[in-house]
Amino acid sequence: MNSLLVTGAAGFIGSHLVDALLALGHRVIGVDNLSRGRKSNLAQALAHPQFALIEGDLTDAAFLRSAVFCQPVGAVWHLVANSDIAAGVADPNVDLQSTFLTTFHLLTLMREFEVKQLAFASTSAVYGVHDRALDENTGPLFPISNYGAMKLASEALISAAVESFLERAWIFRFPNVIGSRATHGIIFDFLKKLRQRTDELEVLGDGTQQKPYVHVSELVEAMLFIIQHANDKLNWFNIGPPDEGVTVNEIAQEVLRVASPETPIRFTGGNRGWVGDVPKFRYSTEKLRHLGWAPKLTSHQALAKAVEELCSS
Ligand SMILES: NC(=O)c1ccc[n+]([C@@H]2O[C@H](COP(=O)([O-])OP(=O)(O)OC[C@H]3O[C@@H](n4cnc5c(N)ncnc54)[C@H](O)[C@@H]3O)[C@@H](O)[C@H]2O)c1
């Protein structure tokens with residue numbers, strides 16, 4: 001049986017995806033350089049006979065050829081990327097390497113080894129700033145972060161590969177994803193700050209930034225649904241709740257309610273958290289709803305569940 005290759009397997013989303021694929025009976029190979037991912041995220045998977053983890057760097061094409069594609073791979077789920085947007089703003093090379101070149105090398109090897117199906121973790125950041133709900137045909141696509149730019153460039157490489165050798169590709173544009181095993185993100189950052197000091201919680205921006213949030217369990221469910229039901233050569237979908245999202249202030253309040261009720265908030269001011277941060281967006285998820293999938297959790301419910309999980313881990 002050919003294996004499914006999951007890149008970024010030890011990361012937040014990758015590890016949940018690996019668990020779900022194993023539960024469906026697949027044989028899975030995970031690859032990760034453990035720069036942000038953790039082996040502990042894969043505790044369950046590492047005990048599974050159908051799972052193998054290969055440690056190494058996807059920017060190294062020789063490693064990919066000799067250590068990964070030497071085994072029969074049926075399809076690839078590509079989740080490796082730089083997940084630290086601010087690091088990519090400080091040094092554009094970070095996103096060039098981890099977000100774009102990893103996709104480039106992977107596609108080169110997939111072509112060489114005739115692996116013809118690719119599922120790709122993209123992002124709302126490819127859209128840039130728009131003042132209406134983002135649907136899959138929203139444009140022009142002018143990202144405002146290097147991260148978004150390198151994800152968009154990766155999408156473009158994938159669409160070209162579909163024209164030449166890939167039989168099928170699925171591009172998932174995630175909003176903000178939250179839940180257990182987070183390696184980064186707003187709830188993770190707030191809890192980290194509260195471990196350092198409880199006399200104040202510093203919140204970047206003025207707290208009005210507002211975005212949709214999806215729980216990682218529902219994100220994985222949606223991806224698996226799309227893979228099964230979307231059969232065009234190139235399939236691209238927003239995944240997320242169709243609501244207005246939650247504000248950064250509401251997230252801070254929820255984290256404090258559970259973790260440190262006495263701590264006051266200090267906003268740094270300004271309407272965005274950092275350079276490259278899209279302060280507000282809303283998703284249209286009509287295309288996915290039409291395909292037959294909708295989340296059960298609203299952004300607010302996903303937030304409450306994720307805060308509970310991260311505070312008790
Ligand atoms: N978490 C979110 O809110 C969110 C939102 C939109 C898109 N995404 C995308 O989803 C994917 C997974 O994100 P995540 O939140 O799980 O991030 P993550 O950082 O937890 O996972 C990425 C994994 O890739 C590994 N990695 C990074 N560079 C590597 C390299 N060069 N070679 C091998 N391994 C490498 C890291 O060690 C990590 O385990 C990413 O592509 C990310 O851009 C995430």
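The values are calculated or read from the model by the stated rules, or taken from the named source; none is laboratory data. Here the structure is a predicted model, which means the values were calculated and not measured. Here Cβ is always computed from backbone atoms with ideal geometry, including for glycine, and neighbour counts include all displayed protein chains. To get the accessible areas, we keep the full protein, side chains included, count just its heavy atoms, and leave off ligands, DNA and RNA. Shrake-Rupley method; radii C 1.70, N 1.55, O 1.52, S 1.80 Å.
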**OP:** Confirm whether Thr59 is in a helix (DSSP H, G or I) and either at pLDDT 95 or above or closer than 21 Å to Tyr147 by Cβ (or both).
**Re:** no
**OP:** Considering only region 186-234, state which residues are over 24 Å from Ala20 (Cα atoms) and without any contact (Cβ under 8 Å) to a residue 24 or more places away in the chain.
**Re:** Asp189, Lys192, Lys193, Arg195, Gln196, Arg197
Original post:
Within region 148-178, how many residues are more than 23 Å from Leu288 (Cβ to Cβ) and without any contact (Cβ under 8 Å) to a residue 40 or more places away in the chain?
Top reply: 2
**OP:** Sort out which residues of region 144-177 are modelled with pLDDT of 95 or more and assigned to a loop (DSSP other than H, G, I, E, B), and write them in order of number.
**Re:** Phe165, Leu166, Glu167, Pro175
**OP:** Can you tell me which residue within region 113-150, out of those that are within 15 Å of the ligand (Cβ to nearest atom), closer than 27 Å to Pro72 by Cα and of a type outside the set (S, T, N, Q), is surrounded by the most Cβ atoms within 10 Å (Cβ to Cβ)?
**Re:** Ala121
**OP:** Among what's in region 173-214 and is more than 8 Å from the ligand (Cβ to nearest atom) and among the aromatic types (Phe, Trp, Tyr), pick the residue that is nearest to Asn249 (Cα to Cα).
**Re:** Phe190
Original post:
Is there a residue being assigned to a helix (DSSP H, G or I) and either closer than 17 Å to Ser83 by Cβ or at pLDDT 95 or above (or both) anywhere in region 128-140?
Top reply: no
**OP:** Starting from region 36-50, take each residue that is touching a residue at least 40 places away in the same chain (Cβ under 8 Å) and near the ligand (Cβ under 10 Å from one of its atoms) and list its partners that are assigned to a helix (DSSP H, G or I) and of a type outside the set (D, E, K, R), counting only C-beta distances under 7 angstrom and pairs at least six apart or across chains.
**Re:** Gly37/Gly14; Asn41/Ser15
Original post:
Considering region 156-172 alone, what residues qualify as being within 16 Å of the ligand (Cβ to nearest atom), crowded, with 18+ Cβ neighbours inside 10 Å and farther than 25 Å from Gln210 by Cβ?
Top reply: Ile158, Ala169, Trp170
Original post:
Among the residues of region 62-87, how many are at pLDDT below 95, near the ligand (Cβ under 10 Å from one of its atoms) and among the small types (Gly, Ala, Ser)?
Top reply: 1
**OP:** Considering (1) open to solvent by less than 10 Å² (accessible area, probe 1.4 Å); (2) away from the ligand (no atom under 15 Å from the Cβ); (3) not in a helix (DSSP H, G or I), say which one Met110 fails and leave the rest.
**Re:** (3)
Subject >> Residue satisfying all of: in region 13-35; under 19 Å from Ala67 (Cα atoms) and of a type in the set (D, E, K, R); farthest from the ligand (Cβ to nearest atom) among these >> reply: Arg27
**OP:** Output the number of the condition that Ala87 fails; it satisfies all remaining conditions of (1) open to solvent by 60 Å² or more (accessible area, probe 1.4 Å); (2) assigned to a helix (DSSP H, G or I).
**Re:** (1)
Subject >> Count of region 1-53 residues which are farther than 23 Å from Glu114 by Cβ and aliphatic (A, V, I, L, M) >> reply: 15
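Residues checked against (1) open to solvent by 10 Å² or more (accessible area, probe 1.4 Å); (2) not acidic (Asp, Glu):
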position	(1), (2)
Asn2	yes, yes
Val31	no, yes
Ser40	yes, yes
Asp91	yes, no
Subject >> Hits in region 97-107 - residues which are surrounded by fewer than 19 Cβ atoms within 10 Å (Cβ to Cβ) and more than 10 Å from the ligand (Cβ to nearest atom) >> reply: Phe104
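Would you confirm, using the coordinates I've provided, whether Leu64 is in a strand (DSSP E or B) and more than 19 Å from the chain's Cα centre (by Cα)?
Details: in a strand (DSSP E or B): no; more than 19 Å from the chain's Cα centre (by Cα): yes.
So Leu64 does not fit the description; no.
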Original post:
Within region 189-210, how many residues are farther than 17 Å from Ile85 by Cβ and not in a strand (DSSP E or B)?
Top reply: 12
